[in-house]
1. In nm, to one decimal, how far is the residue 23 label point from the residue 249 one, both placed 7 Å along Cα→Cβ?
2. Report the normalised scattering of the chain as log10 I(q)/I(0) at q = 0.12, 0.14 Å⁻¹, calculated by the Debye formula with identical scatterers on the alpha carbons.
3. Residue by residue, what Karplus-based ³J(HN,Hα) values in Hz, rounded to whole numbers, does the stretch 101-117 have, using 6.51, -1.76 and 1.60 with θ = phi - 60° and x for Gly and Pro?
4. In nm, what is the difference between 0.36 nm times the number of residues separating residue 160 and residue 49 and their Cα-Cα distance?
5. Pop the C-beta distance of residue 13 and residue 75 into the FRET formula with R0 = 45 Å and round what comes out to the nearest 0.05.
6. For a Förster distance of 56 Å, can you work out the FRET efficiency between the beta-carbons of residue 168 and residue 394, rounded to the nearest 0.05?
7. Keeping the other protein chains in place, figure out the carbon and sulfur percent of the accessible area of the stretch 15-153, with a 1.4 Å probe.
8. So what is the 222 nm mean residue ellipticity for the chain from helices alone, if each DSSP H run of at least 4 adds -39500 (n - 2.57) and you divide by all residues, rounding to the nearest 500 deg cm²/dmol?
Amino acid sequence: IVFSFAAVHKDGKRTAISYPANASGRGFHNGRFIQKLREKAASLPNVKLDQGTVTSLVEENGTIKGVLYKTKAGQELAASASLTIVCDGCFSNLRRNLCNPKIEVPSYFVGLVLENYNLPYANRAYFILKDTIVIAYPISSNEIRCLVDVPGSKQPPISNGEMASYLKTVVAPQMPPELYNAFICAIDKGNIRTMPNRIMPASPYATPGAFMIGDSLNMRHAVTGGGMTVGLSDVVLLRDLLRPLNDLSDGAAICKYLESFYILRKPTAFAINTLASTLHTVFSSSDQDPSRKEMKEAFFNYLSLGGVFSEGLMALLSGLNPDPLSLVFHCFAMLAYAVGRLLLPFPTPKRMCIAAKLILVGSGIIFPILKAEGIRATFLPATMPAYYRTPPVQSTDDRETGK
């Protein structure tokens, strides 16, 4: 259980950020969590679980009829279905037939598992926002997952020891004292993993017989750990849309009806996507630009205000408050706070120039993200025809044919 975050900034500045309304987060081993979900699904009487590696979708006359997959023994089989849910994650090899994937890789995460640590506060995660962004959070009673953000498309190789040297010389000095020794021990242990941080706006094609959710459909920078939140939110929303249906055989009608999913998922996905991209863009930038340095200070101090300010951001980041207007309010409140810090009590020409540039830089971060997410669908969903989709008329005697 994670009750709060300790945000750590330069010069030893710290602030505690709690979830609102006594809420809490969860940290877990991804593989164990997924296996438990599969076990739970397989235990249901109306579910048959087949496992294999999906190689492609089966398409007939523009409609997806199922998938081709290989078993562990190498046998090639086909699975037919009236509706195929594509949820094969960030490395999806199926999305190319269902959307227009425009993937950006701004950085890589280098992952370590820390052990044998002694923390002053249990059940707390860490945002370390110094020269390097580091995220650390508990995943069991004696393990902490630590993710180090390495900017750019290239990273130091692990095989020749360059990555270990980079972590020890560049990242370790920025770690809080309570995590330093465990961090060094994890590097020496050598179980270092890397993964690309991918950003991809949702841009699906309406395809009868198939549907995408989670990271297959939409990705954001992993700096806020919001991928599972958005993925599970997609699951709940799709479940509610499918619940009134008892016949999935009319692919075209089901496809048109499920277009509402892409509008209804916008609030939660938009808030988490925007915050993740904004946070990474702000804190991964160089301090040589005075406006960007000021923006970092303002962002951190805004979090330190507590109350509605920090709790409001945490409610958005965690998906507890999926209101896009609330996110816009906090973004521009932070910008106003940054400008106010510069101009008060007495503005000087130099400070006014930095403030003007800060507004331009801030707008340059926010507005491209808003555009990529879809301004109309996010803020004016009622003007979208898909918002009013209703379940297709079905006979009460029909039996579900999809799976």
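1. For the pair residue 23/residue 249, the computed spacing is 4.3 nm.
2. Cα-only, vacuum Debye calculation for the chain: -1.06, -1.34.
3. Rounded to whole hertz, the list is x, 10, 9, 10, 10, x, 6, 10, 9, 9, x, 9, 10, 8, 9, 6, 10.
4. Difference between extended and current length: 35.8 nm.
5. 0.15
6. Values: r = 62 Å, r/R0 = 1.11.
The calculated FRET efficiency here is 0.35.
7. Whole-percent figure for carbon plus sulfur exposure: 48.
8. Numbers: 12 runs with 154 residues, N = 403.
Computed mean residue ellipticity for the chain: -12000 deg cm²/dmol.
The values are calculated or read from the model by the stated rules, or taken from the named source; none is laboratory data. None of these values were measured; they are calculated from a predicted model. When we count neighbours, we look across all protein chains shown, and the Cβ atoms used for this are built from the backbone with ideal geometry, even at glycine. These accessible areas exclude ligands, DNA and RNA; they are computed on the full protein's heavy atoms, side chains included. Shrake-Rupley method; radii C 1.70, N 1.55, O 1.52, S 1.80 Å.
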